[in-house]
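To keep things clear, I will list the structure first and then write my remarks on it.
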Amino acid sequence: QVQLVESGGGLVQPGGSPKLSCATSRTIFVSNVMGWYRQAPGKQRELVASMPGGSSRTYADSVRGRFTISGDNAKNTVYLQMNSLKPEDTAVYYCHQSISGRNYWGQGTQVTVSS
């Protein structure tokens, strides 16, 4: 069983730059994909950023240029650096890890952007 634990969410002012962390119980090396999704109230869960493998990175159009996904293999941790936050970034952010076609999710961390 793979366990993912997110941290770093909370109340952030517009323009803020929080960093989310996701610690996984399985090494990032074995992942097919690691990524971050988010779900706002009344909306479907959407992809925010992902690391399909190697140095490749994928971002949603709404966050490209503001968010950065990265990983630390030694710590089995994936990060999401969020900059220039907007109220529309308010959502529950979920960490995702795909291993051999099986998908695993963290419990989610709430990010609320408000003054």
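Maximal additional length on extending the Ser84-Gln44 stretch stands at 12.1 nm, based on 0.36 nm per residue less the C-alpha distance. Cross-link partners for Lys19 among the aspartates and glutamates, with Cα-Cα distance under 15 Å and sequence neighbours closer than 8 places in the same chain left out: Glu6, Asp72, Asp89. When the accessible area of the chain is computed with all protein chains present and a 1.4 Å probe, what percentage of it is carbon and sulfur? The C+S portion of the solvent-accessible surface of the chain is 46 percent. Close amide H pairs (under 5 Å, H built 1.01 Å from N) link Gly108 with Glu6, Cys95, residues at least 5 positions away or on another chain. Database remark: amide H of Leu85 closer than 5 angstrom to the amide H of Gly15, Gly16 (H placed geometrically; neighbours at sequence offset of 5 or more, or on other chains; Pro and chain starts carry no H). Per residue, the chain exposes 52 Å² of accessible surface when a 1.4 Å probe is rolled over the protein heavy atoms with every protein chain present.
The values are calculated or read from the model by the stated rules, or taken from the named source; none is laboratory data. Small disclaimer: the values here were computed from a predicted structure and weren't measured. We work out accessible area using only protein heavy atoms, side chains counted, and drop any ligands, DNA or RNA first. Shrake-Rupley method; radii C 1.70, N 1.55, O 1.52, S 1.80 Å.
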